[in-house]
Every structure is written in structure tokens, then in C-alpha cells.
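Below: the structure, in C-alpha cells.
The values are calculated or read from the model by the stated rules, or taken from the named source; none is laboratory data. Keep in mind it's a predicted model, so treat the numbers as computed, not measured. Quick reminder, even Gly has a Cβ in these numbers, built from the backbone with ideal geometry, and neighbours come from all protein chains shown. Quick note on the areas: whole protein, heavy atoms, side chains included, nothing else; ligands and nucleic acids left out. Shrake-Rupley method; radii C 1.70, N 1.55, O 1.52, S 1.80 Å.
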Amino acid sequence: MTNASAAQAALLLSRVRRTGEQLVTFPEALIPQDRAAAYAIQDEIIALEGEVGGWKIGSGMEAVPVVSPILAHSFFNSGTTLNIADLMATLVEVEVGLKLGADLTARPGGYSRDEVIAAIEGFLPAFEIIGTRFAPEYELPKMLNIGDLQVNAAVVSGALVTDWQGLSLGDLKMSLTIGGKVLETDTGATLDVIIDSIVWLANEASLRQGGLRKGQIIITGSRLKETLGQAGEAMSANLGALGTISVKLA
């Protein structure tokens, strides 16, 4: 994929993010065929839409995780009201997130594991809201999904836990309540696996955006997932030692 093709694809995806229309097809020549091409589209979307406020990474899900920058205007605090239609939202995911307390910008030699640990201000509970720009009948290619910022529509974060180094995240018990339905899990990436992925993100994957910045929030992969409810409903999650989080749907 050429730079011009990535820019065209990003322009189309960015446009429908604003208009709310659903695409029923996508130009074949603009569909990325590998991660490098998908990441080029991500970067073009960021250039069009604004600054990076954080990242999403699938910690422990693949040998080389899939990553995406998240737009700064896509972050909200627990207790907020989210408009389903405006976000083109379809799913909610419960995730373990973390917040950086220091810059980890690009530098020769990168950062050691200890330096990355020192840069983590704390961990937090998070919702990722998934919103697709495509009609249900369109079979979205995986690489185009990645290019569209992994179909991120919003991130909602809860209170920060700063005393985090003793947290047991691999067996963290959590629950999601939405529309009268309750889902539970107690499995996910361990603290060590998450830190490994953040070291890689700092030293390799984030460099195309200049590295990581103080204040950015990183979400580390879905642990619970459910279709969003109707406008007027509330959803909440309890992540044990990480606390609780809630959102109202409009």
C-alpha cells in the first residue's frame, strides 16, 4: 500500500466517523494487506483527527501484539453518559488499563524494564467501547479493522490505583452488569505479561507516533465483552482490587 492509498483510506474512515453513515463496501485497492499497511492508515487517521491520548494493545494474546493509538478526544471518565448513535457503538469490553506518569519518548537504546515500571503511575478499570463504521452485512477484513484504530470508539476509565505492584492480575475476578445481564471472569494477562507488552510498546510499536507520553492511558485487552444495551440503560463493572466503573447509555 502506498502512502497515498493509506491517506485515501484514512480520509474515508475519518469522514464516516464524523457523519455517522455506515459503509456497505470499501474500495478494494485501499484495503490493507498486512499490519504495516494497517498501521499506516492508523497514523493517517491520527493526523486527520487529532493527538494521541493513549493506546490499546492485546497483552499476551499474540507473540507480536496488535496495537493502535487512541484519539485523545475518545477518553471519558467513569460515570459519564455516552451516546450510542454518535459513537456508532455496538460492543463494550471490560479491560485492565494503566496510566503513564512520565514520558517514554523515542530515544537511542530504548528503555529498560525497570524504567518502564517506574513510568507507570497506576492501574485502573476501563471500558472500551467498540464502534464500527461498517454496515452489518459487510464482512470487515481483519487488516481494515486494525487500520480503523481497531474500531475503537471510546475509552472510559475509573479511579487510579497507584499501589499496584502487588496486584494479581492474571486471576483478577471481575464482573460486568448490563441490561440486567451479569457476566463474570477471573482469567487474563498477568502483571508480568502486561509489563512486557508495555516495554515492547515503548521501545518499538509506539515509535511511529514519537513514543509514549505522560498522562496517556493504555488498555491491555478485552476480558469481558457484551453487546451494548439500549439508550437509557446503565452498565457497570467491578474489577475487584482495581475498583468499579460505570456508564449511562443515551
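Which longest uninterrupted range of the chain lacks any GluC sites (Glu not before Pro) assigned by DSSP to a loop state (not H, G, I, E or B) and surrounded by at most 13 other Cβ atoms within 10 Å?
Values: sites that count: GLU21, GLU51, GLU62, GLU137, GLU139.
My reading of the result: 140-250 is the longest stretch.
What's the ranking of 186-192, 205-211 by average number of surrounding C-beta atoms within 10 Å, highest first?
So the peptides 186-192, 205-211, ranked by packing, come out 205-211, 186-192.
Under a 5 Å amide H to amide H cut-off, with H placed in plane at 1.01 Å, what residues pair with LEU71 once short-range neighbours are removed?
GLY53
Per residue, how much accessible surface does the stretch 101-177 expose to a 1.4 Å probe? Answer in Å², no decimals. Intermediate values should be presented prior to the final figure.
Working: 3150 Å² over 77 residues.
Per residue, the stretch 101-177 has an accessible area of 41 Å².
Express the carbon and sulfur contribution to the solvent-accessible surface of the chain as a percent, rounded to the nearest whole number, probe 1.4 angstrom.
On the way: 5420 of 10810 Å².
Result for the chain: 50 percent of the exposed heavy-atom area is carbon or sulfur.
Which one is right for this structure if percent of Cα pairs over 27 Å apart is calculated from it: (i) 34; (ii) 38; (iii) 46?
(i)
Can you give the direction-averaged projected area of the convex hull of the alpha-carbon atoms in the stretch 1-109, in nm²? Walk me through the numbers before you get to the answer.
On the way: hull surface 37.5 nm².
Answer in nm², one decimal: 9.4.
Under the 0.36 nm per residue contour assumption, what length would be gained going from the current alpha-carbon distance of ALA159 and THR187 to full extension?
On the way: separation 28, 0.36 × 28 = 10.08 nm, distance 2.16 nm.
Here the answer is 7.9 nm.
Give me the one-decimal nm value for the distance between modelled label points at ALA29 and ASP114, 7 Å along each residue's Cα-to-Cβ direction.
Between ALA29 and ASP114, the label points sit 5.4 nm apart.
Quick one: if you take sqrt(5λ) for each eigenvalue of the C-alpha gyration tensor of the stretch 204-246, what semi-axes come out, biggest first, whole angstrom? Before the final figure, lay out the partial values.
Numbers: eigenvalues 172, 42, 25 Å².
After scaling each eigenvalue by five and taking roots: 29, 14, 11 Å.
What is the magnitude of the charge dipole of the stretch 4-74 about its Cα centre, with +1 placed on the Cβ of each Lys and Arg, -1 on the Cβ of each Asp and Glu, and no other charges, expressed in debye to the nearest 20?
On the way: 5 positive and 8 negative charges, 33 e Å.
The calculation lands at about 160 debye.
Order ASP196, ASP163, most accessible first, counting only protein heavy atoms with a 1.4 angstrom probe.
ASP163, ASP196
Kirkwood hydrodynamic radius, computed over distinct alpha-carbon pairs, for the stretch 130-250: how many Å, to one decimal?
Numbers: mean 1/r = 0.0597 Å⁻¹.
Roughly 16.8 Å, rounded to one decimal.
When all alpha-carbon pairs of the stretch 144-191 are counted, what percent fall beyond 19 Å? Please list the in-between numbers first.
Numbers: 624 of 1128 pairs.
Distances greater than 19 Å cover 55 percent of the Cα pairs.
So between ALA231 and ARG15, what do we pick up on full extension, going 0.36 nm a residue minus the alpha carbon distance? Walk me through the numbers on the way to the answer.
Numbers: separation 216, 0.36 × 216 = 77.76 nm, distance 2.47 nm.
So the extension gain works out to 75.3 nm.
In Å², and per residue, what accessible area does the stretch 3-71 have when probed at 1.4 Å with the other protein chains present?
Here the residues of the stretch 3-71 average 45 Å² of exposed surface.
Please report how many Lys pairs in the chain have alpha carbons closer than 19 angstrom, counting only residues at least 8 apart along the chain or sitting on separate chains.
Value for the chain: 11.
Can you work out ³J(HN,Hα) from phi for every residue in the stretch 55-63, in order, using Karplus 6.51 cos²θ - 1.76 cosθ + 1.60 and θ = phi - 60°, giving whole Hz and x for Gly and Pro?
These are the phi-based 3J(HN,Hα) values: 9, 10, 8, x, 4, x, 8, 9, 4 Hz.
If the only charges are +1 at each Lys and Arg Cβ and -1 at each Asp and Glu Cβ, what is the size of the charge dipole of the stretch 86-172 around the Cα centre, to the nearest 20 debye?
Numbers: 5 positive and 13 negative charges, 44 e Å.
Around 200 debye, computed over the stretch 86-172.
Rounded to the nearest Å, what's the spacing between the alpha carbon centres of the stretch 1-76 and the stretch 100-146? Just the number, please.
When both Cα centres are located, 13 Å separates them.
What does the charge dipole of the stretch 17-57 about its Cα centre add up to, to the nearest 20 debye, if the Cβ of each Lys and Arg holds +1 and the Cβ of each Asp and Glu holds -1? Present the calculation step by step, with values, prior to reporting the outcome.
Values: 4 positive and 7 negative charges, 31 e Å.
So the dipole magnitude of the stretch 17-57 works out to roughly 140 debye.
Pick from LEU212, LEU201, LEU11: which residue has the top mean-square fluctuation in a GNM of the chain where Cα pairs under 10 Å get a spring?
Between LEU212, LEU201, LEU11, it is LEU11 that shows the largest mean-square fluctuation.
For a quick check, take a GNM of the chain with Cα springs below 10 Å and name the residue from GLY229, GLY180, GLY20 with the largest mean-square fluctuation.
Maximum fluctuation in the GNM of the chain, among the listed residues, is at GLY180.
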